[in-house]
Amino acid sequence: MCRSIKTLRPPVTPEVTEEDIRAAAVQYVRKVSGFRAPAAHNREVFDRAVDGVAAATRELLDGLRVRGSTASRP
């Protein structure tokens, strides 16, 4: 998949920022779409996809429970 997307769950990454999540979402959408930067006529759908992936990522990270980890999610 996309090798530049880093693992965001604890304990691998103890503190995840919204910037980290957005960066991962952008990388994912770029990989899936095949566009590094979309043309003007595709910008809106590209940005919506990034927003959706970022929201799904936040929901996933907030719901994960990692055995043996005492890290708490915000």
Residues of region 28-69 satisfying the condition of being hydrophobic (A, V, I, L, M, F, W, C) and either in contact with a Pro (Cβ under 6 Å, 6 or more places away or on another chain) or open to solvent by less than 50 Å² (accessible area, probe 1.4 Å) (or both): V29, A39, F46, A49, V50, V53, A54, L61, V66
Can you tell me which residue in region 12-27 is most open to solvent (accessible area, probe 1.4 Å), limited to those that are part of a helix (DSSP H, G or I) and out of contact with any helix residue (DSSP H, G or I) (no Cβ under 6 Å at 6 or more places or on another chain)? E19
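The values are calculated or read from the model by the stated rules, or taken from the named source; none is laboratory data. Worth saying up front: this structure is predicted, and the values here are computed from it rather than measured. Don't worry about glycine lacking a Cβ; one is built from the backbone with ideal geometry, like all the others, and counts go over all protein chains shown. For the accessible areas, the whole protein counts, side chains as well, though only heavy atoms, and no ligand, DNA or RNA atoms are used. Shrake-Rupley method; radii C 1.70, N 1.55, O 1.52, S 1.80 Å.
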